[in-house]
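Participant: Next up is a structure, given as structure tokens.
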Amino acid sequence: MLSVAIATENLDYDGEIYRHLLARLLGRDISRWAPLSPVRFTGWRMVRDQAPAYLELAYRGGVRHSLVAIDNDGGRRRAPEHEGAHDISVQAADPDGCRVCLLLHALSGTWADGSGCKCIVVPVQAMETWLLALRGFAFPEGSPEERFDRRALKRDFFGKPTPPEAERTRLALKELERPDAIGVLRRRRSFRHFESQLVDWK
């Protein structure tokens with residue numbers, strides 16, 4: 001079993017989704033590392049600010065794999081999808097800059113190259129875009145990368161009223177367990193960016 005330090009905005013929901021995706025992509029059992037004193041992340045700012053210390057704790061505890069993820073919450077004019085040509089420091093300093101760069105900047109120096117495997121994930125626009133894509137949802141604006149109303153995305157996937165967290169997690173994992181789930185998700189560039197970071201994990 002591979003232990004992974006996962007820092008996400010909601011460990012019991014999207015943290016579990018990422019754990020499940022890692023298990024499918026790597027073909028092995030994955031456990032979420034947890035410190036003796038529980039750590040809770042609430043929102044992307046807390047992930048940005050507290051993930052470095054959390055990962056250092058994990059590293060001292062023998063963990064050598066980590067996944068840090070936040071939603072994009074951007075749109076057509078802000079928080080653009082990550083590009084390899086981005087200047088990380090410039091993007092990170094811009095309140096409307098790339099969120100992958102934001103996390104890369106926040107985590108710089110945390111786990112030096114060769115000391116472990118980091119994975120930075122920012123689904124565009126939110127985790128529910130991947131889930132809706134799996135369901136074959138016809139996005140009204142044509143592309144989830146351009147639809148950034150998070151409440152609408154969640155409502156489209158879960159319906160109203162929003163079910164409790166345990167039921168939301170069950171519904172999400174049900175879609176991810178489909179035999180064709182990975183193939184469908186690979187059509188999204190944000191998912192391919194996620195998967196490309198796992199090469200060294202294998």
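Read-outs: derived from the displayed coordinates by stated rules, not from any lab. Every value quoted in this text rests on a predicted model; they were computed, and no experiment measured them. Here the Cβ is made from the backbone with ideal geometry for all residues, glycine too, and neighbour counts use every protein chain on show.
Participant: Using the crude model of +1 on Lys and Arg Cβ and -1 on Asp and Glu Cβ, and no other charge, please compute the dipole size for the range 2-201 relative to its Cα centre, in debye to 20.
Facilitator: Computed about the Cα centre, the dipole is about 380 debye.
Participant: Could you tell me the ratio Rg/Rh of the chain? Both radii from Cα atoms, Rh via Kirkwood.
Facilitator: The Rg/Rh ratio comes out at 0.94.
Participant: While we're here: Can you list, by residue number, the Cys in the chain that have no neighbouring cysteine C-beta under 4.7 Å?
Facilitator: Cys117, Cys119
Participant: Starting from the Cα-Cα distance between Arg186 and Ser31, subtract it from 0.36 nm times their residue separation and give me the gain in nm to one decimal.
Facilitator: 53.4 nm
Participant: According to the square roots a ≥ b ≥ c of the eigenvalues of the Cα gyration tensor, what is the shape class of the range 16-67, taking rounded for a/c under 1.5, prolate for a/b larger than b/c otherwise, and oblate for the remainder?
Facilitator: oblate
Participant: Could you tell me the relative contact order of the range 2-201? Use alpha-carbon pairs under 8 Å, at least six residues apart, and round to a whole percent.
Facilitator: Relative contact order comes out at 22 percent.
Participant: So how far apart, in nm, are the two label points at Thr42 and Trp201 if each is 7 Å from Cα heading toward Cβ?
Facilitator: Label-label distance for Thr42 and Trp201, simple model: 2.8 nm.
Participant: Moving on. Work out, step by step, the length gained on full extension between Glu167 and Leu57: first 0.36 nm times the residue separation, then minus their alpha carbon distance; give nm to one decimal.
Facilitator: 36.5 nm is the gain from fully extending Glu167 to Leu57.
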